[in-house]
Amino acid sequence: MVDRVYLDWNATAPPSPEAVEAVARAMREEWGNASSLHEEGRRASAAAEGARQILADWTRSRAIEWILTSGGTESIHAAVLGCARARGGRRRLVISAGEHSCTLGVARILEEEGWEVVRVGLRADGTWDPDEVLEACDPSTTALASLIWANNETGAVSDAPAVATELRRRRVPLHLDAVQCFGRIPVDLSSLPAAMVSLSAHKFGAPKGIGALFVRQGTPWTRWMQGGNQERSRRGGTVNGPGAAGMAIAATLASRWDWTEALQARDELERLILASIPRARIVAADAARLPNTSCVVVPGADSATLLDRLDARGFAVASGSACTTGIAEPSHVLVAMGIPDHEAHATLRISMGPTTRREDLRRFLPVLVQETSLVRSRSTNSFPPQ
Ligand code: PLP
């Protein structure tokens, strides 16, 4: 493949050679079933326990509070359904309009069962308002709140600590979808009093199909998935030992990621985009943001066409969330922020990694400028130049 530049880290991070080797080694040497009571089983179980301890050390929590899962989607289902099932009597779930589609989906499951789901809106900067969340979380009726901490599409980071502290005081369990946070911003569960936190390891360099859910001791929670008694009877399903081995090394490496240079490179890219592409705008520019994400509106340029053309020239970017790409609906996150449909259809997400080089972005810029102008000139609904 000729010198491609990968700028879609929020969809998935490229695996590090160390993670690839750890998975291969686990498949060669620790391939047993972690539940088996023999040497092969013990070796697989040790790999899983090692990964659990690394997550605990990284987040200043306890290993026993981490349940290994198949990734973000499962962790979020386990958090929401597991807590909902344990909260007899209260039948309100509070979420935001900016949740990942898997949270919106699990909320619909509860709604179909007669639950009340309150969807707190997004502000123009892409964050949810802590006061609005707290207003919706009446402790006599609310079973739990499930909120996205850092948005995968815009990078906007909402004020999770503010709601976590108050909801703990009210004894309303809070689940945070922190899938985009690990490796990008600090997640310290000794000072952040969230009841549950979801993690997906392919977002920081492990293979797909492994993740984890943190459930703080004392949280009302029951298993939602039946089957075997893996994960101390909190989950059914054979533990993904090789995935856990990959997650362990990927987490170790991601805990040391330094964003200083990548952040400077991203800020330079944004300045140059604004200076070189007429009417371009950075989404969530006024919010606290992940260091790696630029969500750019280029009015008049259809982002699906632009994405294809950039891809053909060696640059991988996204338009909206990877999970919804392919559906010609405007992103629900952008719409919730008040961005009109035609602009939402002209939005690119550029997401970088700690190894993204300034030269990569400097090569990307002129191609983006050229292709935007070409797509705009061919677009039937292109805006007149201003
Ligand atoms: N939550 C957020 C914020 C995400 O970005 C994603 C993945 O795109 C998920 C949840 C789902 O994670 P997974 O792909 O591991 O199921």
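The values are calculated or read from the model by the stated rules, or taken from the named source; none is laboratory data. Please read all numbers here as calculations on a predicted model, not as lab measurements. Don't worry about glycine lacking a Cβ; one is built from the backbone with ideal geometry, like all the others, and counts go over all protein chains shown. The area values use the complete protein model at the heavy-atom level, side chains included, leaving out ligands, DNA and RNA. Shrake-Rupley method; radii C 1.70, N 1.55, O 1.52, S 1.80 Å.
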Can you confirm whether the range 284-297 contains a residue that is of a type in the set (D, E, K, R), open to solvent by less than 50 Å² (accessible area, probe 1.4 Å) and not in a helix (DSSP H, G or I)?
yes
Among the residues of the range 107-135, count how many are buried (at least 16 other Cβ atoms within 10 Å of the Cβ), on the phi < 0 side of the Ramachandran plot and touching a residue at least 40 places away in the same chain (Cβ under 8 Å).
4
Verdict on Ala212 being within 11 Å of the ligand (Cβ to nearest atom), under 21 Å from Asn152 (Cβ atoms), assigned to a strand (DSSP E or B) and outside the structural domain of Pro291 (by TED's automatic domain parsing):
yes
Any pair with Cβ under 8 angstrom, 6 or more apart, that starts in the range 154-178 at a residue that is at negative phi and ends at one that is among the aromatic types (Phe, Trp, Tyr)
Val157/Trp149; Ser158/Trp128; Ser158/Trp149; Ala160/Trp149; Pro173/Trp221; Leu176/Trp149; Asp177/Trp149; Ala178/Trp149
In this structure, is Glu49 in contact with a Lys or Arg (Cβ under 8 Å, 6 or more places away or on another chain) and either over 16 Å from Gly237 (Cβ atoms) or not assigned by TED's automatic domain parsing to the domain that holds Thr141 (or both)?
no
Do we have Val179 as in contact with a Gly (Cβ under 7 Å, 6 or more places away or on another chain), in a loop (DSSP other than H, G, I, E, B) and within 16 Å of the ligand (Cβ to nearest atom) here?
yes
Determine if the range 14-21 includes at least one residue that is touching a residue at least 12 places away in the same chain (Cβ under 8 Å), within 16 Å of the ligand (Cβ to nearest atom), outside any helix (DSSP H, G or I) and closer than 30 Å to Glu359 by Cβ.
yes
Residue that is surrounded by the most Cβ atoms within 10 Å (Cβ to Cβ) [pool: residues in the range 188-205 that are in contact with a Ser or Thr (Cβ under 9 Å, 6 or more places away or on another chain) and part of a loop (DSSP other than H, G, I, E, B)]
Gly205
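State yes or no: is Ile64 open to solvent by 30 Å² or more (accessible area, probe 1.4 Å) and assigned by TED's automatic domain parsing to the domain that holds Leu122? It would help to see each step written out before you state the result.
Details: open to solvent by 30 Å² or more (accessible area, probe 1.4 Å): yes; assigned by TED's automatic domain parsing to the domain that holds Leu122: yes.
Judged against the criteria, Ile64 is a match.
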